[in-house]
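Below: the structure, in structure tokens.
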Amino acid sequence: GLLCEQYVYRTIESVRPSTLAQSERFQAELSVIESNLGTAMKKVSHSMNVTEKPGFLNILTGFIESFMDAGESIRRRKASDRIYRDLVDERISHERAAIELQKINKEQKGGWLSGQFGRLIGRSS
């Protein structure tokens, strides 16, 4: 992860000149570790930099979503209450309840309107 990236690089650099690490195989293994770490860190940093530039459509959907969120929060609350009632009455399984509640929690975090809009025009969000 990001927190130990520098630690691993420093460890590799401190081990590389040691007398134990002077075999060709050991040096190759250190190079593989360093390469794998670099690849993993690129993936992590790329996934963290997935920010879209705020275009007109994003600004508009953000504004509409914040306006409609009060009504959506009531709908989410009723849906979660219904899921809990169904779970108590044994109409749905624990696994199904967990999946449905995770969907509701994901909607609560924002971006639900742009996700619905993306599905309407045929994109995945």
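Against the definition (β-branched (Val, Ile, Thr), under 28 Å from residue 101 (Cα atoms) and in a helix (DSSP H, G or I)), how does residue 33 come out, yes or no?
Considered against the rule, which asks whether it is β-branched (Val, Ile, Thr), under 28 Å from residue 101 (Cα atoms) and in a helix (DSSP H, G or I), residue 33 comes out as no.
Residues in region 51-58 include at least one that is within 30 Å of residue 99 (Cβ to Cβ) and exposed (fewer than 10 other Cβ atoms within 10 Å of the Cβ). Taken together, the residues in region 77-93 that are in a helix (DSSP H, G or I) and over 23 Å from residue 109 (Cβ atoms) amount to 3.
Looking at 22, 108, just one residue is modelled with pLDDT under 85, among the polar types (S, T, N, Q) and open to solvent by 60 Å² or more (accessible area, probe 1.4 Å), and that residue is 108.
When 30, 57 are checked against the criterion of being in contact with a Lys or Arg (Cβ under 8 Å, 6 or more places away or on another chain) and either over 30 Å from residue 4 (Cα atoms) or at pLDDT 85 or above (or both), 30 stands alone in meeting it.
Taking residue 39, is it in a loop (DSSP other than H, G, I, E, B), modelled with pLDDT under 90 and of a type in the set (S, T, N, Q)? Answer is no for this residue. Of the listed requirements (1) over 28 Å from residue 3 (Cα atoms); (2) at pLDDT 85 or above; (3) touching a helix residue (DSSP H, G or I) at 6+ places or on another chain (Cβ under 6 Å), residue 77 misses just one: (3). When residue 7 is tested against (1) among the aromatic types (Phe, Trp, Tyr); (2) surrounded by fewer than 10 Cβ atoms within 10 Å (Cβ to Cβ); (3) within 27 Å of residue 105 (Cβ to Cβ), only condition (3) is not met.
The values are calculated or read from the model by the stated rules, or taken from the named source; none is laboratory data. Just so it is clear, the structure is predicted and the values come from calculations on it, not from any experiment. Methodologically, a virtual Cβ is constructed for each residue, glycine included, from the backbone with ideal geometry; neighbour enumeration extends over all protein chains shown. Side chains are part of the model used for accessible areas, which takes the heavy atoms of the whole protein and leaves out ligands, DNA and RNA. Shrake-Rupley method; radii C 1.70, N 1.55, O 1.52, S 1.80 Å.
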